[in-house]
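Note sheet for the following structure.
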Amino acid sequence: MSEICCFKGHDLKFYWTINWVVILLGIFLLALTLLLFIFPKNKENQRCVVKIQVGDLSNKKEKIPTVLVFTEEDKYGLYSNLLFKYFLAEGVVCGHELFVASAKEHPDNILKELPAPLLDDTYRNELGEEATAVKSEDFQDSMKIAWRYQNLPKTEASPTSTKFGHYYDVSKTMPPELFQSRNWHSFYLPEELSLHPLPLHLPCKLTPARRAYTRLLQSIQRIIYQEGFDGSDPQKKQKNILRIGIQSLGSMLWGDDICSSDTPEDIHSLTKFLYVLRALLRKSLSACIITVPAHLIQNKAIMERVTNLSDMVVGLESFIGSERETNPLYKDYHGLVHVHQIPRLNSLICDVSDTKDLAFRLKRKLFTIEVRETVLFHYLEPKRWTYFLLHHQMMVNVAWHCFGVWDFTLK
Amino acid sequence: ILTAAKERGQLIFLEGLKSCLDLLFGEEEQSGQPSPLQFLSEGASDLKALFDFVRTSLTPAGSDSWKGPVLLVDDLSVLLSLGAAPVAVLDFIHYCRVVVCSQLKGNIVVLVHSNEDSEDEENELVVNSLCHHSDLILWVEGLATGFCKDVHGQIKIIRRVSLELTAEKDLVQVYQYKIQDKNVTFFARGLSAAVL
């Protein structure tokens, strides 16, 4: 027998009051939780600045650690080439000396294609333009579940006042006057091999790769010694940093067959080169970036050894030609950044960031690297994470060009 | 403290990076003594010169009174990258054991790198061989569950009691650690400072 509850008149009023109280309480609690969520979020809206500084190094008394940066090229070498140029461009703008080595392009041509620096106010406008262009695309669809974020104040896309490094416009090239006034050295392998014969004290049985790498090491060592980067010239009052860039090391253009054969002739040539290069870097005020076509190297053991021998290893994976190109999650991005190793110099721990998911994209004028945040509701609406990126964008925008120059104080 | 020890002669530091520069870019050796890293330039695949250096450094000369020498090798995997054959590396360690452990009653501590799914067969060979012959293994690895801010990894301390042929199993202890700027804190599993 079913029961029917009948409410008498005055009882109904009582229950309605209770209901109202419950509803109001519910709204109050909801508002409280929302507030609790919103305010911490506001704190996180501050720009996350990576602790890399390019300062006036000549005044610093602290020992500057030198870093060997190793970049694994993406499949077509487009983006790693861009990072390579950023590294050199930052060197020009900071007044460092450059050493550019390549077996593919003449260093003169590489320097002609460096991105133009954005100076002072112009960069804010550039970045503002880019940011608003992107935002307007995404606001077409309104948010359904994460509705509370829609009303949050938009943060500005321009960086905070603490300036670290410089910004560049990839659609323009650097004016020649900027780098012509700087002291720079080049190493173009075909020229070097034809101009200078091998010294006699080296063993005759040298593979082409060993010959090329030895020649490069000798060249670097000569520059370091002659220009006094190793402190050998006490009269040199202005201390400067040498930025070394080596393009596509290990490729066949350097005479190495590790990219073309499973059983290379000399499996140790690349690793020996890196070891000696690191020794040279440690002994002098220099930093180096090397790009390597890692995807071509057949023997994966070499890549493992190379990772152990480098201070910092970054891999770029571009979406061109892969199935990720059509994945809606990555629709605004051109590739992923994999950080395999971070330098641990002068301390036991490195500066590990919380986020491991980094993606990059090449906008009309800027190359940016962005962070993928895990959001409370992201499993409900996976495409929403791109919205959060606008707020929590870590504009490591060209911070990579600051490689090798870290601000350290030794206690 | 280390600088003082170095001056007293208590610490002998062979800095590989520096020595290789002297070897490759320095002037000809006048002293007649071969560099410990001879194998780099000549392509000779044995590490005899390195072993001789170790032996002469640790064998006590008349006036020294240091007891219990310790040989620290950081890091053995690099020797493989530099062209030494795995057998040569194992021979080197074996010779060092004979001198340092048996003759001089000292200890050897060796560091090697390894990956779970490593494709570096030579390195895995060296690592496995060393594990078989070691009395104590400190196995440091990241957490199986992935990256964590408060716990950077775990360390397994394996005491090779089984080597003593008393039919006992190896003793395994597992701790977790967190690395700070200048030191490391160890704690039992699940009891990191962030949790307590």
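Of everything in the range A:205-226 that's assigned to a helix (DSSP H, G or I) and of a type in the set (A, V, I, L, M, F, W, C), which residue is nearest to the other protein chains (Cβ to nearest Cβ)?
By that ranking, first place goes to A:Leu217.
When the range B:96-149 is limited to residues that are part of a loop (DSSP other than H, G, I, E, B) and away from chain A (no Cβ under 14 Å), the one that is least open to solvent (accessible area, probe 1.4 Å) turns out to be B:Gly106. Entry remark, the range A:75-96: residues being open to solvent by less than 20 Å² (accessible area, probe 1.4 Å) and either over 17 Å from A:Gly315 (Cβ atoms) or in contact with an Asp or Glu (Cβ under 6 Å, 6 or more places away or on another chain) (or both) number 7 in total.
When you scan the range B:160-177, do you find a residue that is within 14 Å of another protein chain (Cβ to nearest Cβ) and surrounded by 15 or more Cβ atoms within 10 Å (Cβ to Cβ), even just one? Looking through the range B:160-177, at least one residue is within 14 Å of another protein chain (Cβ to nearest Cβ) and surrounded by 15 or more Cβ atoms within 10 Å (Cβ to Cβ). The residues on offer are B:Phe51, B:Phe39, B:Phe25, and the sole one that is aromatic (Phe, Trp, Tyr) and modelled with pLDDT of 80 or more is B:Phe51.
Here is a check on your reading of the model: is B:Phe13 part of a loop (DSSP other than H, G, I, E, B), open to solvent by 50 Å² or more (accessible area, probe 1.4 Å), away from chain A (no Cβ under 14 Å) and at pLDDT 75 or above? In short, yes. Of the strands (runs of 3 or more DSSP E) lying entirely inside the range A:285-381, the ones with 1 or more residues being modelled with pLDDT of 80 or more, away from chain B (no Cβ under 14 Å) and within 19 Å of A:Ile246 (Cα to Cα) are found at A:286-292, A:312-318.
If you take the residues of the range A:199-212 that are out of contact with any helix residue (DSSP H, G or I) (no Cβ under 7 Å at 6 or more places or on another chain) and surrounded by 10 or more Cβ atoms within 10 Å (Cβ to Cβ), which of them is modelled with the lowest pLDDT? The qualifying residue modelled with the lowest pLDDT is A:Leu206. Taking the criterion of being more than 24 Å from the chain's Cα centre (by Cα), open to solvent by less than 40 Å² (accessible area, probe 1.4 Å), among the β-branched types (Val, Ile, Thr) and within 11 Å of chain B (Cβ to nearest Cβ), the only residue of the range A:256-284 that qualifies is A:Val276. Could you grab the pairs with beta carbons closer than 9 Å, sequence gap of 6+ or different chains, first residue in the range B:5-21 and assigned by TED's automatic domain parsing to the domain that holds B:Leu40, second one open to solvent by 60 Å² or more (accessible area, probe 1.4 Å) and among the polar types (S, T, N, Q)? Close Cβ pairs satisfying both conditions: B:Leu11/B:Thr3.
Every residue, every condition in (1) over 30 Å from B:Leu2 (Cβ atoms); (2) assigned by TED's automatic domain parsing to the domain that holds B:Ala49, yes or no:
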{"position": "B:Leu76", "(1), (2)": "no, yes"}
{"position": "B:Leu80", "(1), (2)": "no, yes"}
{"position": "B:Gly106", "(1), (2)": "no, yes"}
{"position": "B:Val110", "(1), (2)": "no, yes"}
{"position": "B:His113", "(1), (2)": "no, yes"}
{"position": "B:Leu125", "(1), (2)": "yes, yes"}
{"position": "B:Val140", "(1), (2)": "no, no"}
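The values are calculated or read from the model by the stated rules, or taken from the named source; none is laboratory data. Note that the structure is a prediction, hence the values are computed from the model and not measured. Please note: Cβ atoms are built from the backbone with ideal geometry, for glycine as well, and neighbour counts cover all protein chains shown. Remember, those area values only see protein heavy atoms, side chains included, never the ligands or the DNA or RNA. Shrake-Rupley method; radii C 1.70, N 1.55, O 1.52, S 1.80 Å.
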